[in-house]
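Novice: Dropping the structure in here first, questions after.
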Amino acid sequence: GSLPYGAGARAWLRAYFGGFTAVRRGVLRQAVVLDVVSGATTLLCDVEGINGAVPNQDVVNAFMVVAQEQINLPAFHRDAWESVWWHFGNGGVHSSHAALLEYQVPAFTIKGRRKSGRKALDIDSLTRSLEGLIRSLSCNLQQLHHSFNFYFFTGTNSHVSSGLYLYPVFAMQLPLLSFLMTMSTYKDIQALLVGLGVIGVTIFASGSPTFILATKSGLTSWLSATVGVPAPPACEYPGFNMAAAMERRLAAELWIAAGAVGAISVALCLRQYAFTVFDAEPPQEEARVRQGKGVSLPDPLWEAVRSASGFAFLVILAPVTIYSWAVPVPLTMVC
């Protein structure tokens, strides 16, 4: 559980599903990860995975019923708002059960916590709770399709389901749609395409330098030897070495600066290009001369970019909501 990015669980899963041995492998239906330190006094059900993924609620409820009602163990969930921000910050990225959730295996981690003023957990009671959970998993499998796959716990026996926060996300699209319908550039297909093209060029110009510097080790090694550009740091736990921390900071600053240079270059080009494409009321003679020699917009380029940005957000909001709950849920509660 202490390895970054759940490296131990991911290595085991790769060997289990992608190995070349002759051992027969069964299908993983459900799983539970036990991460209890010595002297733990309470148990935390850690359910949050990567990008808002959570296990089926029946698996977690089975353990809570066995632990609290049958054995009287102090088992708790995160507070609802703590869980929201844990999702938003992708706090479960280093959890071992997150790797299992990526393989569509309902799983969660039972973490032992130390709290002052509480008695240490009884190992026999903890073992009995795990036995009860394992015994219930086979029956639980038949009922998984009746439970929730997106939720927030507000208590040990209460939760907020996806039905309460899913539909407001789609309701957020209605004011945006009504705003876009009143813009003249949104109704002009040429202006809309120009705006989408500007957005694409900006993303490519600002993101490509950062991506190349972060992934092309050969190029960064050459730049490091010639102009002293720091090489990308290794993907490992950084530790407490100040020299390594400064190296990572310099590399990140260089990547951000390279992206900023690309964005500024695009902005300067667009500033010149904006004056060539905008003509509020071109005379008939000028319109005939310019016909076939380029793009002419009836509104400023900024209006075309703004309408295209709204259109792009309107198109991707629903897929992002379905794919990654870590982004839309806090936005829904705030808005």
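Novice: Convex hull over the Cα atoms of segment 29-139, averaged projected area in nm²?
Specialist: 6.9
Novice: For TRP222, TRP86, write out the residues from largest to smallest accessible area, computed with a 1.4 angstrom probe and no ligands counted. List each step's numbers first, then the result.
Specialist: Working: TRP222 150, TRP86 80 Å².
Descending order: TRP222, TRP86.
Novice: Taking the Cα-to-Cβ direction at TYR103 and at GLU69 and moving 7 Å from each Cα, how far apart do the two end points lie in nm?
Specialist: Inter-label distance under the simple model: 3.1 nm.
Novice: Work out how much length MET181 to TYR16 would gain on full extension: take 0.36 nm times their residue separation and subtract the Cα-Cα distance, in nm to one decimal.
Specialist: Gain on extension, MET181 to TYR16, equals 54.1 nm.
Novice: With labels modelled as points extended 7 Å from the Cα through the Cβ direction, what inter-label distance (nm, one decimal) is found for ALA263 paired with PHE211?
Specialist: Each label point lies 7 Å from its Cα, and together they span 1.7 nm.
The values are calculated or read from the model by the stated rules, or taken from the named source; none is laboratory data. Predicted, not measured: the structure shown is a model, and the values here were computed from it. Reconstructed Cβ throughout: ideal geometry from the backbone, glycine too, with neighbour counts over all protein chains shown. Note: areas computed on protein heavy atoms with side chains; ligands, DNA, RNA excluded. Shrake-Rupley method; radii C 1.70, N 1.55, O 1.52, S 1.80 Å.
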